[in-house]
Amino acid sequence: MKIDGYPGFEYRFMNIRNKAEKLVLLKQNNEELTLGVMSNSRKHSRQHYFIACFSRDILLFHKEIIFNGSMKVKVETDLMQGGINRFILLNG
């Protein structure tokens, strides 16, 4: 990859994975968030995963799930703090 204006910069990306899981925000309101856990592979079906929420590098909560290929998880907003809350999908 090359960037205009930086002729000396060069970066080689690793191979992009085409089979993976992802965490997405599907819906939100004042009381809860609905997160979706999705995959384009059956390889990790029935495995344990964790959804973790951090604010300012402090773990606010985590929830263990058994992944079934596509699922929704509801999270109450009163568990979160003001500011930026980061959700992360972790494998076992």
Dipole axis of the chain (+1 Lys, Arg; -1 Asp, Glu on Cβ), positive-most option in GLY8, HIS62, ILE84: GLY8
Label points 7 Å out from Cα along the Cβ direction at ASP57 and VAL73: separation in nm? 2.3 nm
Using a cut-off of 17 Å between alpha-carbon atoms, which aspartates and glutamates can reach LYS27, once sequence neighbours fewer than 8 places away in the same chain are excluded? GLU76, ASP78
Could you tell me how far the Cα centroid of the stretch 1-31 sits from the Cα centroid of the stretch 54-92, in Å? 20 Å
Highest mean first, how do 22-29, 8-15, 85-92, 49-56 rank when packing is the count of other Cβ atoms within 10 Å averaged over residues? 49-56, 85-92, 22-29, 8-15
To one decimal place, what orientation-averaged projected area in nm² is obtained for the convex hull of the Cα set of the stretch 1-84? 8.6 nm²
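Report in % the part of the accessible area of the chain that belongs to carbon and sulfur, leaving out ligands and nucleic acids; probe 1.4 Å. Provide the component values of the computation, followed by the final result.
On the way: 3780 of 7420 Å².
Here it works out to 51 percent.
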Å² per residue, accessible surface of the chain at 1.4 Å: 81 Å²
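The values are calculated or read from the model by the stated rules, or taken from the named source; none is laboratory data. Given the structure is predicted, the values throughout are model-derived calculations rather than measurements. Note that we place each Cβ from the backbone using ideal geometry, even for glycine, and neighbour counts take in every protein chain shown. Please note that ligands, DNA and RNA were not included when accessible areas were found on the heavy atoms of the full protein model with its side chains. Shrake-Rupley method; radii C 1.70, N 1.55, O 1.52, S 1.80 Å.
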